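Undergrad: Here it is, the structure in full.
The values are calculated or read from the model by the stated rules, or taken from the named source; none is laboratory data. Please read all numbers here as calculations on a predicted model, not as lab measurements. A quick note on method: Cβ atoms are made from the backbone with ideal geometry, for glycine too, and the neighbour counts reach across all protein chains shown.
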Amino acid sequence: MTWPANSAKRTEDAAAGIEVSEEFEPFAQRDDIFSRAMWDDTVRSPRTDAFFASYRIEAAPRRGDGFTQRDFALRNAAWLISDIMTDRHAAQGRREGFQATLSADTPVSPDRVPVDDPARMAAEVKRTARFFGAQLCGITDFDRRWLYSARVDTRDMSDAPHDLPEGLTNVIVLGHEMDADLVATYPSALAGAATGKAYSHEAAVVLQLAAYIRNLGYQAVASMNDTALVIPYAVKAGLGEYARNQLVITPQLGPRLRFSKIFTDLPLSHDVPKPLGVAAFCDICTKCADACPVAALPFGPPSTDRPNRSAIKGVRKWTSDAEKCFGFWAKLASDCAICLRVCPFNRDYTRWTARVWRRLALSRFRRVALWLSRDHGARVKPQNWWAG
């Protein structure tokens, strides 16, 4: 097959659970469902416009528990730091963290710290990431297959070239926990505060870690949802395994986290994919698909089927119908993560009972674990969160 420029066929793909076919094409970010909602009339509607407006309190629906003004107020306040980073160069068509990388506030030091041991440097980076507040950190190579074919100029939603510097070789992937108590209230605007808080937290962490690397004399480009698909990098970096609900299941937090990344030329040793047994569990579990109110999640085995243009071409995996999913988000005027809430891997692994369950789920006793999860993930009323 023809691989994208500057990429060789990856021997670790099988371990990462990545199966790329002859029809593979890098994904254009303009086709991401959130970008399409800003330019594609088949997706954009007054309801989707109201969805985006609700994050500015220009349109805050008030219709019951979890969707009151205070719920929207908490959600939008949780997004504040991320929004500040996102909007600071909006006049240049850069929606940073979503359609463009986060601008560097620290120059690259002219004095480069020598790195004789990439493994030791990788350990130092991971320790620094934890210091700044990342729950997880893994490192992999800059696999250009997962780079978007183009970024988006948000002034007219046209394709724009990447502005990454030359010579980047590695990707540092960071995992950031979402609040478990808020996640339990999905779907609600209140639960959206868990997403916003994680994004604001990751914006600070990824910027600080990138600044640290630039202070060492190496290039470091901080990135959130922009520039490249983060899930393949997270799997390749050994942080977890891809699941039916389109999320990465990690041993520490299950699916309850967000990912950010840093592109760098700092010499670092790489982590390796760690197949856990999640795919085998997902083969027999359809709790996320059963719970999806708009039937956006797939039943059956992974495939290369594309429900619409908001799915990557030529990768065999479980793929959601992004148009159905985002349509429900627009109806709620907030994000939905029912599939995360009901996932049997969404547990508190500081508890020994959760660790025992995980061991069962990742073994040949997975059907026992599935049976034990039959009542798992029930929704908590948002008013209970406010009551403390």
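Undergrad: For the stretch 29-76, how many residues meet the condition of being part of a loop (DSSP other than H, G, I, E, B) and either under 26 Å from the mean Cα position of the chain (by Cα) or within 30 Å of residue 228 (Cβ to Cβ) (or both)? First the steps, then the outcome.
TA: From the stretch 29-76, those part of a loop (DSSP other than H, G, I, E, B) are 32, 40-45, 55-68; that's our starting set.
Remaining after also requiring either under 26 Å from the mean Cα position of the chain (by Cα) or within 30 Å of residue 228 (Cβ to Cβ) (or both): 32, 40-45, 55-57, 60, 66-67.
Of the residues in the stretch 29-76, 13 are part of a loop (DSSP other than H, G, I, E, B) and either under 26 Å from the mean Cα position of the chain (by Cα) or within 30 Å of residue 228 (Cβ to Cβ) (or both).
Undergrad: Sticking with this structure for a sec: May I ask you to verify whether residue 350 is out of contact with any Cys (no Cβ under 7 Å at 6 or more places or on another chain), within 30 Å of residue 31 (Cβ to Cβ) and β-branched (Val, Ile, Thr)? Before the answer, list the steps.
TA: Numbers: out of contact with any Cys (no Cβ under 7 Å at 6 or more places or on another chain): yes; within 30 Å of residue 31 (Cβ to Cβ): no; β-branched (Val, Ile, Thr): yes.
Criteria not met by residue 350.
Undergrad: Moving on to the next point. Being free of Cβ contacts under 8 Å to residues at least 60 places away in the same chain and of a type in the set (Lys, Arg) is the requirement here; does residue 112 meet it?
TA: Numbers: free of Cβ contacts under 8 Å to residues at least 60 places away in the same chain: no; of a type in the set (Lys, Arg): yes.
Criteria not met by residue 112.
This table checks each residue for (1) surrounded by fewer than 22 Cβ atoms within 10 Å (Cβ to Cβ); (2) among the aliphatic types (A, V, I, L, M); (3) free of Cβ contacts under 8 Å to residues at least 12 places away in the same chain.
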{"residue": "81", "(1), (2), (3)": "yes, yes, no"}
{"residue": "135", "(1), (2), (3)": "yes, no, no"}
{"residue": "142", "(1), (2), (3)": "yes, no, no"}
{"residue": "170", "(1), (2), (3)": "no, no, no"}
{"residue": "194", "(1), (2), (3)": "no, yes, no"}
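Undergrad: Going through the stretch 325-353 one residue at a time, which ones are under 25 Å from residue 74 (Cβ atoms), over 17 Å from the mean Cα position of the chain (by Cα) and outside any loop (DSSP other than H, G, I, E, B)?
TA: Scanning the stretch 325-353 gives 327, 328, 330, 331, 332, 342.
Undergrad: Considering every residue within the stretch 354-365, establish whether at least one is assigned to a helix (DSSP H, G or I), farther than 20 Å from residue 181 by Cβ and at pLDDT below 95.
TA: no
Undergrad: Follow-up question, since we're still on this one. Does residue 122 fit the bill of being in a helix (DSSP H, G or I) and under 19 Å from residue 225 (Cβ atoms)? Give the steps one after another, and end with the answer.
TA: Details: in a helix (DSSP H, G or I): yes; under 19 Å from residue 225 (Cβ atoms): no.
It is false that residue 122 is in a helix (DSSP H, G or I) and under 19 Å from residue 225 (Cβ atoms).
Undergrad: Grab the strands (runs of 3 or more DSSP E) fully contained in the stretch 133-216, keeping just those with 1 or more residues being modelled with pLDDT under 95. Give the steps one after another, and end with the answer.
TA: Details: elements: 136-141, 151-153, 158-160, 170-177.
Once the strands (runs of 3 or more DSSP E) in the stretch 133-216 are filtered for at least 1 residues that are modelled with pLDDT under 95, what remains is 151-153, 158-160.
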